[in-house]
Ligand SMILES: *Cc1c(COP(=O)(O)O)cnc(C)c1O
C-alpha cells in the first residue's frame, strides 16, 4: 500500500510529530547520548528520511544509549499459570505473563543495560517523582495470535515513536524508538508461545510499555532517574457493546484536554482526572464520555478513543469525518491513522474495494451541533470510536444537553463503514481474509 501522509500537527516547539523528522528533532533536543539516526524506526507513513544528524552536536557528554542488544535475560523459576479462556481471572486485567522488561536511566550515565526478568513488583521510594508529579507516560498495544497460527504486532513502530513524544512532553529521557521496539519484540517472543497458545487463535495480550521518573527526591524538577518497563497483561474480551456504544457528552464545566496542554500525549495525567465523569456516565447507563471542548462544543474524543462520524453534507456529499490534530487536544491514535489511511486507499473515489458508496475523508474541527443537525435532517449515517483497547466500536446514541441523538446502525450492531474498516484491520492483526501479508502486521518469531 502506498504511504499516505496524514495531516501532521503544526509543529513549533513541542514535539507532536510522529514523523522521522519529528523524532530526529526530538532526539536532538532531548537525547541522553549520541543517537545514530540509522537506529530510528522506519515510520511507515512518512517521506524518506534525511541523512543522519548526529546528536553529539548538541550533547557534550556521551551517555549510554538505550541498547536492546545488551539485554540481560533472567528466566523465571516459578512459572505462572495461564488463566482459562473466559475466566474471571482472565478478565481481571491483573494477570501478567512470566516476564517483564526493565531499563534504568540516570542523568549521569544514561541508560543501563536493559533486563528481561521475572514479572514482579518494582520498588520505589515514597518520594519518587512519578508518585507526586505525574511524571509517567505509557503506550497500549496488543500481541495477536493469528488465525494462521502466527504472532503479530500491529504497526508497533508508531507506538514506540509516540512513546518518545510522550516522554518528551513530561521531561523524561529520550531513547531510540527502534530499541524500545526490539525490547517489546523480545518480551513477546519470550512469553508469546505459552501465553497465547496456538490452539487459541483470535486471542491477544495487552502490551503496556511505561516510563516513570523514579528520582527519590521531592523537588519539583526535571527527573534525574527514570525506569522504563514493559509488561504483557491478560485481557478478557472487551465489555459487550452489542447494540452499540452509548456516549454521554461532557458537561460544559469539564474538558479532557486544552490547547497548550498535553492531551496529545499518552501521559497518565490525562486519565485519572477523567474518571469522575466516566463513573457518572456509567451510573447513568452510558459507556463513555464524548469529550467536547470550548463554547462551540468541538468534538475531540470518545473516552480514550478517537471518534469518527459518517454523514452526508447538505450538498449531498458522503464524508468520513474526524477531529484534526492541529490544536493538540486529540491523541494521534494508531487505529485512527490506520482507518484514515485504509479509507483513503480503499473507500475514496479512486478505489473500488467494496460495494459501498465512496466517500470523502475529512480531518477538521467539527462540533456536536453539526452532528445534531445532521441527525435531525436525516444526514447522519453512522459513528464509531477507534482505539487499540476498544478497537472499532460502533456508536448507537449520544446524549447531549438532555436530548438523545440516535445514530443509525444499518447492519444491526454496526454501521456499514465501521464494519468494513473493522474487517480489514482484523484481517491485518489476526492474519486472515487475504490480509496475512500486509506490511502493518509484524510477525514475531517465537522462542
Ligand atoms: C490510546 C488513546 C487513543 C487510541 O490510540 P490507539 O493508538 O489507536 O490505541 C485515543 N485517545 C486517547 C486519549 C488515548 O489515550
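Quick note: the coordinates plus some simple rules give every number you see, no bench work behind them. Nothing here was measured: the structure is a model prediction, and the numbers come from that model. Neighbour counts run over all protein chains shown; Cβ positions are idealised from the backbone, glycine included.
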Handout entry: Rule-of-thumb Rg ratio for segment 245-434 [Cα; 2.2 N^0.38 Å; N residues]
Key = 0.99
Practice task
Evaluate segment 105-186: find the radius of gyration of its Cα atoms, find its Kirkwood radius, and give the ratio Rg to Rh.
Solution key: 1.01
Fill in the blank from the handout: Semi-axes of the chain from the Cα gyration tensor (sqrt of 5 times each eigenvalue, largest first, whole Å) come to 35, 25, 23
Completion exercise
When the chain is treated as a Gaussian network with springs between alpha carbons less than 10 Å apart, the largest mean-square fluctuation among 100, 284, 90 is found at 284
Exercise for the section: Return one number: the angle in degrees, 0 to 90 and rounded to the nearest 10, between the long axis of the Cα atoms of helix 156-169 and the longest principal axis of the Cα atoms of the chain. Expected result: 80
Exercise for the section: Report, in whole Å, the centroid distance computed from the Cα atoms of segment 260-295 and segment 345-387. Expected result: 24
Problem - Distance between segment 210-257 and segment 135-203 - C-alpha centres, whole angstrom - result: 16
Completion exercise
Using the Kirkwood radius over Cα pairs of segment 360-447, the Stokes-Einstein translational diffusion coefficient at 10 °C and 1.306 mPa s, in µm²/s and rounded to a whole number, is 104
Completion exercise
Residue-normalised 222 nm signal for the chain, counting each DSSP H run of n ≥ 4 as -39,500 (n - 2.57), nearest 500 deg cm²/dmol, is -6500 deg cm²/dmol
Practice task
Give the percent of DSSP beta bridges with both residues in the chain that are antiparallel, rounded to the nearest 5.
Solution key: 80
Practice task
Please give the helix 20-30 orientation as an angle from the longest Cα principal axis of the chain, in degrees from 0 to 90, rounded to the nearest 10.
Solution key: 50
Exercise for the section: Kindly express, to the nearest 10 degrees and within the range 0 to 90, the angle between helix 334-346's C-alpha long axis and the longest C-alpha principal axis of the chain. Expected result: 50
Fill in the blank from the handout: Expressed as a whole-number percentage, the relative contact order of the chain with C-alpha contacts under 8 angstrom and at least six residues apart is 17
Exercise for the section: For residue 413 paired with residue 88, estimate the spin-label separation in nm (one decimal), with each label point 7 Å from Cα along the Cα-to-Cβ line. Expected result: 2.4
Exercise for the section: Please build a GNM for the chain, connecting alpha carbons under 10 Å apart, and tell me which residue among 106, 115, 127 fluctuates the most. Expected result: 127
